[in-house]
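The next block holds one structure in the form of structure tokens; read it before the comments.
The values are calculated or read from the model by the stated rules, or taken from the named source; none is laboratory data. Because the structure is a prediction, the values reported are computed rather than measured. Cβ sites come from the backbone with ideal geometry, for glycine too, and all protein chains shown count toward neighbours. The accessibility values were calculated without ligands, DNA or RNA, using every heavy atom of the protein model including side chains. Shrake-Rupley method; radii C 1.70, N 1.55, O 1.52, S 1.80 Å.
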Amino acid sequence: MKHIVWLAVLAMAFGNFSVAQGPPIMADKPIMLGAGSFTARSLTEIRHTERGTFSYVPLMMRYLPSSNSSVGVDIPYLDYNIDNGANGSSLADIKIIGKYQFFRKDATGKTFRVAAKTVQSLPTGEELDLMDLSMGKYAGYYGLVAGYETLKYGISNELGYNAMPDGTMDEFRYKLGFGLPLLKPQYPNKQINLFFEYTSSWLVERDWYQLLYAQGIQYARKAATFELAVQVPLVSDFEAGRNLRYSLFFGGRFTF
């Protein structure tokens, strides 16, 4: 019950607060522009936990068949160093992503949109019991992404459930991302954005919970974007020896 309360508190506290122009670093957004366009992205994560250190390097490709749909695939490489355990590197779990925007309301200088999203995680990684990275088991994620954006500020919300039929990592997930652009809108695009992002995860079967906060900065120039973020736990109620210490994220994306 306490985990549901945490999710509700987050939703009520931030659901009506609209604070960026670039896509969030950790969260997702329902705004899709440029039918027929491709985006190539990588966002390396170096995750330091009580269990060990893990470096996750994904190649992420997205294609927009239309202005309200997106399909993609993440092909990740993982280097792992488990304290007093296994060390090595391998392919992690490949992810297939689909997103469909089904609601859109525009006004002068602002827009609100909602999209359905699914992520199908294939068991291509080793069975390291490493959340979101390498489980070696199939999982299906189903959620909604909602976003409100103006010329001055934006906010993204994502709520969903990740089901793992042959494992014990079923998860309720809520992500929240606020962005603050530091430069005035201009053409060609040039922007520096600050992001303040929260991730709430409740692992239902294990009764583990964590609330993470990420502080990020993003530089966008024409079709290229570069990103850097640090993520730390605000609340961590995992099994002893499994809690996150911090994660460092860095990478970029290019749209063509």
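Data overview
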{"item": "Residues of the range 234-256 satisfying the condition of being aliphatic (A, V, I, L, M) and in contact with a Pro (Cβ under 8 Å, 6 or more places away or on another chain)", "result": "Leu244"}
{"item": "Matching residues, the range 89-114, being touching a Phe, Trp or Tyr at 6+ places or on another chain (Cβ under 6 Å) and either among the charged types (D, E, K, R) or open to solvent by less than 40 Å² (accessible area, probe 1.4 Å) (or both)", "result": "Lys105, Val114"}
{"item": "Hits in the range 27-46 (condition: surrounded by fewer than 21 Cβ atoms within 10 Å (Cβ to Cβ) and part of a strand (DSSP E or B))", "result": "Phe38, Thr39, Ala40, Arg41, Ser42, Leu43, Thr44, Ile46"}
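One line per residue, one yes/no per condition, for (1) part of a loop (DSSP other than H, G, I, E, B); (2) out of contact with any Gly (no Cβ under 6 Å at 6 or more places or on another chain); (3) surrounded by 15 or more Cβ atoms within 10 Å (Cβ to Cβ); (4) of a type in the set (S, T, N, Q):
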{"position": "Phe178", "(1), (2), (3), (4)": "no, yes, yes, no"}
{"position": "Gln186", "(1), (2), (3), (4)": "yes, yes, no, yes"}
{"position": "Thr199", "(1), (2), (3), (4)": "no, yes, yes, yes"}
{"position": "Leu212", "(1), (2), (3), (4)": "no, yes, yes, no"}
{"position": "Tyr219", "(1), (2), (3), (4)": "no, yes, yes, no"}
{"position": "Leu234", "(1), (2), (3), (4)": "no, yes, no, no"}
{"position": "Gly252", "(1), (2), (3), (4)": "no, yes, yes, no"}
